[in-house]
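Asker: Mind having a look at this structure? Questions to follow.
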Amino acid sequence: MCRNIVPLNNLEPAATDDECHDAALQFVRKISGSTAPSRANQEVFDRAVAEIALVTRELIDGLVTPAPPKNREQEADKRRARSADRYEAIRVFQEQKRAARAAS
């Protein structure tokens with residue numbers, strides 16, 4: 001799953017149309033392998049984003065859950081912490097790799 005697409009269900013306040021569009025855009029970019037389509041592909045790219053954003057909105061509006069809504073700031077803090085952990089692990093790995101090469 002693309003790390004830039006965040007869960008939009010059961011948030012307080014509810015997901016906006018812009019967030020649905022942003023998630024659709026990230027999805028289409030991932031699937032197409034292109035962040036900026038050529039002029040020849042722009043129309044089909046934009047149409048895919050619009051259709052996926054619409055379906056995403058319908059999905060989010062139709063989902064029901066007995067769980068209490070999630071706090072947006074707390075969820076964002078969790079994502080930032082996971083990201084920091086990932087980047088720290090990468091930094092440590094690269095540092096160990098450099099040290100191993102230097103020792104050889």
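The values are calculated or read from the model by the stated rules, or taken from the named source; none is laboratory data. From a predicted model like this one, the values you see are computed outputs, not experimental measurements. FYI the Cβ positions are ideal-geometry reconstructions off the backbone, even for glycines, and counts take in every protein chain you see. Ligands, DNA and RNA are excluded from the accessible area calculation, which covers all protein heavy atoms including side chains. Shrake-Rupley method; radii C 1.70, N 1.55, O 1.52, S 1.80 Å.
Asker: Could you give every pair whose Cβ atoms fall below 8 Å, whose first residue belongs to the range 65-92 and is within 15 Å of PRO7 (Cα to Cα), and whose second residue is open to solvent by 70 Å² or more (accessible area, probe 1.4 Å), counting only separations of at least 6 or pairs across chains?
Answerer: Listed by first residue and then by second, the contacts come to PRO69/GLU12; LYS70/GLU12; ASN71/GLU12; ARG72/GLU12; ARG72/PRO13; GLU75/PRO7.
Here's the yes/no breakdown for (1) of a type in the set (Phe, Trp, Tyr); (2) part of a loop (DSSP other than H, G, I, E, B); (3) under 14 Å from the mean Cα position of the chain (by Cα):
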position	(1), (2), (3)
ILE5	no, yes, yes
LEU8	no, yes, yes
CYS20	no, no, yes
ALA23	no, no, yes
PHE27	yes, no, yes
ILE31	no, no, yes
SER34	no, yes, no
VAL44	no, no, no
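Asker: Does ASP61 satisfy being in contact (Cβ under 8 Å) with a residue 12 or more places away in the chain and open to solvent by 90 Å² or more (accessible area, probe 1.4 Å)?
Answerer: Here the answer is no, as ASP61 does not meet what is asked.
Asker: Kindly list, by first and then second residue, each pair from a residue in the range 35-46 that is in contact (Cβ under 8 Å) with a residue 12 or more places away in the chain to a residue that is part of a helix (DSSP H, G or I) and surrounded by 13 or more Cβ atoms within 10 Å (Cβ to Cβ), limited to pairs with Cβ atoms under 7 Å and residues at least 6 apart or on different chains.
Answerer: Listed pairs, sorted by first residue: PHE45/VAL28; PHE45/SER32.
Asker: Condition test on ASP17, is it of a type in the set (Asp, Glu) and buried (at least 17 other Cβ atoms within 10 Å of the Cβ)?
Answerer: Considered against the rule, which asks whether it is of a type in the set (Asp, Glu) and buried (at least 17 other Cβ atoms within 10 Å of the Cβ), ASP17 comes out as no.
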